[in-house]
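Each remark here refers to the structure printed beneath this line.
The values are calculated or read from the model by the stated rules, or taken from the named source; none is laboratory data. It should be emphasised that the depicted structure is a prediction, and the values quoted were computed from it without experimental measurement. Virtual Cβ from ideal backbone geometry, glycine too; neighbours counted across all protein chains shown. With ligands, DNA and RNA removed, areas are computed over all heavy atoms of the protein, side chains included. Shrake-Rupley method; radii C 1.70, N 1.55, O 1.52, S 1.80 Å.
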Amino acid sequence: MCSSLQLDLWKPLQPEDINVRSVVHVRIPSMALQPVKEAMLHCSLSFKVLVDNLAHLIGDPEAKRSRMRRSLSDYDYTKYHPMEDIYSWINLMTEQHSDLVTQHNLGLTYETRPMHYLKISKPSSGPKKSIWMDCGIHAREWIAPAFCQWFVKEIVQNHEKDSRIKKILKNIDLYVLPVLNIDGYIYTWTTERLWRKSRSKHENGTCYGVDLNRNFNVKWCSLGSSTNCTSNLYCGESPVSEPETKAVVNFMETIKSELICFLTIHSYSQYILTAYGYSKDLPKNFNETITVASKAASELKKKHGTVYRVGSFANLLYEASGTSQDWVHDLGVQFSYTIELRDNGTYHFILPEDQIQPTCEETMAGVLTIIEYVNDKY
Ligand code: ARG
Ligand code: ZN
């Protein structure tokens, strides 16, 4: 049915990964509703309508204008922002907090847009460690870039009064890439809200986009990936074929000797995931990595009661090769996490704006727990 009726599988992402007695999330075009219902009833499969009109939830394209005002003080962190706003936000942030925040260019996207990342750093006499966080490698996961911006705001606003943040910045430089897949993110604003991949062109323009989180050079394109460029899990023509992936890889290689923690932010599922995605085997030191994740999940839960599960990527989500988390882990960074934010299957990728603030507040608590742990350890 997925191919003949053009169903859009959300969980798992490909039909091959559907297991007996597991829950499946699927978006069904209205045209296909009747045949799908009939087929399910025929096979005695139970189902529940999670969202009955997705177009309604996505809303009016007219409403998706810039929400940018000219100053940082009235930037609305409880709304989603188009890329042009995020670029302006990056500029304002570095202009108004130049003592703490600087912007740098990681590289260019396929459509030649600059990938600006922020470095949050306090002057120090001694050597420092580094932590990396990127958001928005998957275009439709809008809550992720919203969190990266929230994170920077919190650090900048509280670095003088909050002793926890003070302590962190004494020993650590934070690197934040608010939107990794910029071309894809823009495409979700202009054309297709549920686009996942980048926007590179393949097979003479018959298909577009690579799943950037399948393009890293780690067991590339062997599990949970596709060589078909129309697939949402297309791994690209070769490992690190995409400019966005290349840009991340080059920078990680540059900072790897001081890099102690790598965080890549996604949605949805409410998971804190560790290596590996490419195998159900567990890495050495898995126990420690998971203990830290569990502590983060329990701090996170204290904010609004949201429950997160922790475990390895392959065991909790699905098997996938070529992910950034695994590549960085195998580069030698033990604390390499994929964090899947809210929700847990009600709104999926279309998390309502009234959940941005609570999601960011709780995620902040979780992420700070991880950062404090690695700071104490190294
Ligand atoms: N962000 C996830 C990914 O990287 C998708 C999560 C939703 N899908 C799911 N199977 N729960 O693919
Ligand atoms: Zn994702």
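The accessible surface of the chain, taken with every protein chain in place and a 1.4 Å probe, is 48 percent carbon and sulfur. Axis of helix 83-96 versus longest Cα principal axis of the chain: the two differ by about 10°, to the nearest ten degrees. Could you identify which residue out of Y185, Y77, Y234 has the top mean-square fluctuation in a GNM of the chain using Cα springs shorter than 10 Å? The residue with the greatest mean-square fluctuation here is Y77. So if R0 is 56 Å, what FRET efficiency would Q6 and T291 give, r being the distance between their Cβ atoms, rounded to the nearest 0.05? The computed FRET efficiency comes out at 0.80. In the elastic network of the chain, a GNM with C-alpha springs shorter than 10 Å, the most mobile of R196, R140, R70 is R70.
When the inverse distances between all different Cα atoms of segment 14-55 are averaged and flipped, the Kirkwood radius reads 11.7 angstrom. DSSP beta bridges fully contained in segment 222-378 are about 20 percent antiparallel.
Each of S269, V292, L57 was scored by the projection of its Cα onto the charge dipole of the chain, and the greatest displacement toward the positive side belongs to V292; charges sit on the C-beta of Lys, Arg, Asp and Glu.
Just for the chain, what percent of DSSP beta bridges are antiparallel, to the closest 5? Once the DSSP bridges in the chain are tallied, antiparallel ones form about 40 percent. The Cα atoms of segment 151-217 give a gyration tensor whose axes a ≥ b ≥ c have a/c of 1.5 or more with a/b greater than b/c, which makes the shape prolate.
Measure nothing fancy, just the Cα-based angle from helix 33-42's long axis to the longest principal axis of the chain, in degrees from 0 to 90, nearest 10. Computed tilt is about 70 degrees. Hydrodynamic radius of the chain by the Kirkwood approach over all distinct alpha-carbon pairs: 21.2 Å. Shown here: segment 101-237, whose C-alpha atoms stretch 53, 33, 25 Å along the first, second and third principal axes, sorted largest to smallest. Taking R0 as 25 Å, what's the FRET efficiency between R164 and N105 from their Cβ-Cβ distance, rounded to 0.05? With a Förster radius of 25 Å, E is 0.25. What number in nm² do you get for segment 114-170 if you take the convex hull of its Cα atoms and divide its surface by four? That works out to 4.9 nm², a quarter of the Cα hull's surface. Taking 16 Å as the straight-line reach from the Cα of K128, the aspartates and glutamates in range (excluding those fewer than 8 positions away in the same chain) are D173, E258, E372, D376. Considering only beta bridges that DSSP places wholly inside segment 253-345, some 20 percent are antiparallel.
Taking the Cα centre of segment 230-346 as reference, the dipole from Cβ charges on Lys and Arg (+1) and Asp and Glu (-1) amounts to some 580 debye. With contacts taken as Cα pairs under 8 Å and at least 6 residues apart, the chain reaches a relative contact order of 17 percent.
For the chain, a crude dipole built from +1 on the beta carbon of Lys and Arg and -1 on the beta carbon of Asp and Glu, taken about the Cα centre, is about 620 debye to the nearest 20. With a ≥ b ≥ c the root eigenvalues of the C-alpha gyration tensor of segment 60-181, is it rounded (a/c under 1.5), prolate (a/b larger than b/c) or oblate? Because a/c hits 1.5 or more and a/b exceeds b/c, segment 60-181 counts as prolate. The average projected area of segment 1-110, computed from the convex hull of its Cα atoms over all directions, is 11.5 nm². Spin-label pair E95-Y77: with each label point 7 Å from Cα along the Cα-Cβ axis, the two points sit 2.0 nm from one another. In plain terms, if you count all Cα to Cα distances in segment 275-369 and split them into 5 Å steps from zero, the share in each step is 3, 14, 21, 22, 19, 14, 6, 1, 0 percent. Cut-off under 22 Å on the C-alpha distance; same-chain residues fewer than 8 positions from K219 excluded. Which lysines are left, in chain and number order? Once the sequence-local lysines are set aside, what remains near K219 is K197, K246, K256, K280, K284. Looking at the square roots a ≥ b ≥ c of the eigenvalues of the Cα gyration tensor of segment 234-298, which shape do they give, rounded for a/c under 1.5, prolate if a/b is larger than b/c, or oblate? Prolate.
About its Cα centre, segment 67-121 has a charge dipole of approximately 60 debye under the convention of +1 per Lys or Arg Cβ and -1 per Asp or Glu Cβ, with nothing else charged. With the charge dipole of segment 109-184 set up from +1 on Lys and Arg Cβ and -1 on Asp and Glu Cβ about the Cα centre, the Cα lying farthest toward the positive end among the listed residues W150, S121, S163 is that of S163.
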